[in-house]
Amino acid sequence: MATPLQSASIAAPGFFGLNTQESGITLESGFALQATNCVIDKFGRLGARKGWQFLDESTGVGLQGMHRFIDIDATEYFGAWSNTNFYIYSAGTLNAITYSGSQSITEGNWQAVTLNDAAYLFQKNYEPLYFDTVTGTILDISASPSASGTPIEGNCALSAYGRVWTADTATNTTTVYWTDLLDPTRWNSGTAGSLDLSSILVNGNDEIIALGAHNGFLIIFCKNNIIIFGDSDTAQTYLDPTTLQLVEVINGVGCIARDSLQNTGTDILFLSDSGLMSLGRVIQEKSTPMRDLSKNVRDDLVQLIESETPANIKSTYSATNAFYLLAFPTTKQVYCFDMRAPLEDGSARVTIWNNMEFTEWLGFDGEIYMTHADGLARYAGYQDNGQSYRMVYFTNYFDLGAASQTKILKRLSMTVIGATGQDFVVKSGFDYSDQYNSYPLTVRTGTVYEYNVAEYNIGEYSGGTLVDTVRAPGSGSGSVLQLGFEADLNGGALSIQKMDVYVKQGRTI
């Protein structure tokens, strides 16, 4: 009597994201052992990330950062800079703007903030700069007509509660400085001031890395501590520095990279030496443990941290895409943390993007922008600047509930949502071998419909995307099975809805 086929389905493959911490055989089927150039979409499907394209390609321009602000007249300024030059992006072009100060600027690791109709740039060992919207030039902050006192050459900056706050100078890493109310050019008049944290750090001195604000609190991120200040305003709508009160000191955890800090509106995310952390436990309830969002990829992430210069680590948060991106330029990798909803253990769903040669990321108005050695780019489409890129997904290992029996793979079935005519390859392997059988498949071609140009203002229209189920004969045998999925994206979207396998049970091992 013939042995009946046994089937197994993986619905919403990769829905839980990467998990490289636990043994592959014990993982739930929703986890992935590899998810490269993927995102988790709003329907819980694993799909291809978008590609990128240059908005202005200027070979060798060497952009290092960018900042966008809107002045009181609703005029938008989108600034960018290299190690030595400054630019305003407008109408598809990077336009150089003049620096009219007296400093010799050779580094572009600025942190930019906006307050009271102007943008300000901070970097250690340099007097802060500001962009004059009237003259369209970059000036030293001391050149402002209202300037007073010696500007603080801080490395981190924050615009909050009507002031600019800064810290981490070349000679002092434990003092926070703030400007007068509504005037970031005044450092020794009005209600400007400073606070030395040395006496608060009970386990010895530390160094301030980044500054944050939330719900009326000033949050100071040191390398090994987090210090939270409030004031006497119980409504927590404003912060008065003349009545600062210590709220909490969190020992043993801190921020190691200034530009990893992102405020999502309901939380603050930051990179510690043990992974990506959420400060929501302080914002909501002190008794709740701090969330480690990178728990499922911690060892891999820590290894990357150790190989990267902290000042080069960048990040951005996109509410539209519901993800936080953490970029490591040396290895050209970006960790994409899905922020729609946490997993049961509080961690986030994670995928990895590769070949990302960008120096800075910035999300606003539903878009994501990136600075590059050769210009300014945007996250869009499904090509990387006109070239294809590879999406890769591998399941965990699974034994179909019969670890002691050999399985003979007979058939594979894939339900995908993708651009018509998109090619992809399904792979299968047994018993932890890296030698896979490959099955080339294609999303079937959809019908193109012609419409009247005058009526629809378009010559032809196609939905361009199909839900398609494709099948392939399987081969190979073993006790533990793993499936893979690879596709070169070259203009169209692709996501995986479902994977099915059909096997016959063989001999008992």
Expressed as an acute angle from 0 to 90° and rounded to the nearest 10, what is the orientation of the C-alpha long axis of helix 298-307 relative to the principal long axis of the chain? 50 degrees
Could you quote the convex hull projected area for region 54-294, Cα atoms only and averaged over all directions, in nm²? 14.3 nm²
Would you pull out the residues with amide H under 5 Å of Gly375's amide H, same chain only if 5 or more places away, H placed 1.01 Å from N? Ser58, Val61, Gly62, Leu63
List, in order, the whole-Hz ³J(HN,Hα) value for each residue of region 476-490 obtained from phi through the Karplus relation with A = 6.51, B = -1.76, C = 1.60 and θ = phi - 60°; use x for Gly and Pro. x, 8, x, 8, 10, 10, 9, 10, x, 8, 9, 8, 8, 7, 9
Kindly rank 228-234, 295-301 from highest to lowest mean number of other beta carbons found within 10 Å of each residue. 295-301, 228-234
Ranking Leu33, Ser315, Pro342 by how far each Cα lies towards the positive end of the charge dipole of the chain (+1 on Lys and Arg Cβ, -1 on Asp and Glu Cβ), the top one is Leu33
Output the peptides 364-376, 196-208 sorted from most to least packed, where packing is the average of other Cβ atoms within 10 Å over each peptide's residues. 364-376, 196-208
Counting each pair of different Cα atoms once, what's the Kirkwood radius of region 44-171 in Å, rounded to one decimal? 15.9 Å
Any residue on another chain or 5+ positions along whose placed amide H is under 5 Å from the amide H of Ser82 is listed here as Gln64
List, in order, the whole-Hz ³J(HN,Hα) value for each residue of region 210-227 obtained from phi through the Karplus relation with A = 6.51, B = -1.76, C = 1.60 and θ = phi - 60°; use x for Gly and Pro. 8, 10, x, 9, 6, 6, x, 10, 9, 10, 9, 9, 8, 5, 10, 9, 10, 10
In the structure displayed, which of Lys407/Lys427; Lys223/Lys332; Lys124/Lys332; Lys42/Lys332; Lys410/Lys498; Lys295/Lys407 lie more than 21 Å apart, Cα to Cα? Lys223/Lys332; Lys124/Lys332; Lys42/Lys332; Lys295/Lys407
Rounded to two decimals, what is Rg over Rh for region 299-436 when you use alpha-carbon atoms and the Kirkwood radius? 1.02
Hey, how many Å between the Cα centroid of region 24-101 and the Cα centroid of region 124-180? 25 Å
Between region 245-265 and region 343-406, how many Å separate their Cα centres? 26 Å
Give the peptides 393-405, 342-354 in descending order of average Cβ contacts within 10 Å, highest first. 342-354, 393-405
Extension length gain for Thr191 and Thr59 (0.36 nm per residue less Cα distance), in nm, is 42.9 nm
Quickly work out the Thr133-to-Gln405 label distance, labels modelled 7 Å from Cα along the C-beta direction, and quote it in nm with one decimal. 7.2 nm
Taking amide H atoms as placed 1.01 Å from N in the peptide plane, list the residues 5 or more away in sequence, or in a different chain, whose amide H sits under 5 Å from that of Thr191. Leu181
Any idea which of Ile209, Gly149, Phe86 is furthest toward the positive side of the dipole for region 54-294, if Lys and Arg beta-carbons carry +1 and Asp and Glu beta-carbons -1? Ile209
How long are the three semi-axes of the equivalent ellipsoid of the chain, in whole Å, if each is the root of 5 times an eigenvalue of the C-alpha gyration tensor, listed from largest down? 48, 29, 18
Starting from the Cα of Thr26, step 7 Å toward the Cβ, then list every residue of region 330-355 with an amide N under 13 Å from that point. none
Point-charge dipole on Cβ atoms (K/R +1, D/E -1) for the chain, about Cα centre, debye to 20: 2080 debye
With charges set only on the Cβ (+1 for Lys and Arg, -1 for Asp and Glu), what does the dipole of region 54-294 come to about its Cα centre, in debye to the nearest 20? 360 debye
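Computed from the coordinates by the stated procedures, all read-outs in this text should not be read as laboratory data. Everything numeric in this text was worked out from a predicted model, so none of it was measured. Here Cβ is always computed from backbone atoms with ideal geometry, including for glycine, and neighbour counts include all displayed protein chains.
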